[in-house]
Amino acid sequence: MISSGLTEEEEKKIIELTKKLTGEITRELYNALASKFAFTAIEVVTLRMNEGKLEVLLTKRGQDDMFANSWHSPGSILRTSDAPEKLDTIGDYQSAFRRIEQEIQVPFSIVPKFVGMIFQRNLRGVENGIIFIGEIKEMPGKGKFFPVDALPEPFLESQKAIVAMAVEEWNKLKI
């Protein structure tokens, strides 16, 4: 049996081509694959209190992104290179956290705290989001803080539930 929509020859060619992939892939290839598989997103919602109001750090997607110019909470797709090298070893998400720190251009002041998970579909495809709360002590080099009850537009619809889960957990922790 072959995959739906492909000839046997096309399927064999795709298999051979994927064997050649050894590292990073382009955004276009990622988006094509993302529509076929559920990917794991590491979502670090960075929150702070400012003059008695809870705020969230958001960045804007680039012009070349399928969500161009939309605000979102920075995150990263989990990559196979994030896993431990040794078989049957438990890893962590530090590589994904570092990519997010690079995006906002400032380190987290504490290891992001696990909040929960969300399984949802967005324009790109299906994502299983692992949600964390992050904190920073410095002003970010990229991004801007907004009150959690006044998110800017356009804001990624799929991010609303992620931010809400982080805010709910923050409220439990900070009371």
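The values are calculated or read from the model by the stated rules, or taken from the named source; none is laboratory data. No experiment lies behind these values; they were computed from the predicted model shown. No Cβ is skipped: glycine too gets one built from the backbone with ideal geometry, and neighbour counts run over all protein chains shown.
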Inspect the stretch 60-74 for any residue being within 19 Å of Val115 (Cα to Cα) and not in a strand (DSSP E or B) and give the result as yes or no. yes
Among the listed residues Gln120, Gln105, which satisfies the condition of being in the same structural domain as Ala166 (by TED's automatic domain parsing), modelled with pLDDT of 95 or more and within 17 Å of the chain's Cα centre (by Cα)? Gln105
Glu43 under 19 Å from Gln102 (Cα atoms), touching a residue at least 60 places away in the same chain (Cβ under 8 Å) and surrounded by 10 or more Cβ atoms within 10 Å (Cβ to Cβ): yes
Could you please give the count of residues in the stretch 30-56 that are among the hydroxyl-bearing types (Ser, Thr, Tyr) and part of a strand (DSSP E or B)? 2
Being within 17 Å of Arg48 (Cβ to Cβ), in contact with a strand residue (DSSP E or B) (Cβ under 8 Å, 6 or more places away or on another chain) and of a type in the set (Lys, Arg) narrows it down to one of Lys144, Lys172, so name that one. Lys144
Out of the residues in the stretch 60-98 that are touching a Ser or Thr at 6+ places or on another chain (Cβ under 8 Å) and among the polar types (S, T, N, Q), which is surrounded by the most Cβ atoms within 10 Å (Cβ to Cβ)? Ser73
Residues that are of a type outside the set (A, V, I, L, M) and outside any loop (DSSP other than H, G, I, E, B), drawn from the stretch 153-175: Phe155, Glu157, Ser158, Gln159, Lys160, Glu168, Glu169, Trp170, Asn171, Lys172, Lys174
Are there any pairs with C-beta distances below 8 angstrom linking a residue in the stretch 8-26 that is under 14 Å from Thr80 (Cβ atoms) and surrounded by fewer than 10 Cβ atoms within 10 Å (Cβ to Cβ) to a residue that is at pLDDT below 90 and of a type in the set (Ser, Thr, Tyr), with the two at least 6 apart or on different chains, and if so which? Gly23/Ser81
Which ones in the stretch 102-137 are buried (at least 19 other Cβ atoms within 10 Å of the Cβ) and of a type in the set (Asp, Glu)? Glu127
A careful count of residues in the stretch 75-115 that are in a helix (DSSP H, G or I) and either in contact (Cβ under 8 Å) with a residue 40 or more places away in the chain or of a type in the set (D, E, K, R) (or both) gives 10
What tally of residues in the stretch 139-168 results from selecting those that are over 15 Å from the mean Cα position of the chain (by Cα) and of a type in the set (Phe, Trp, Tyr)? 2
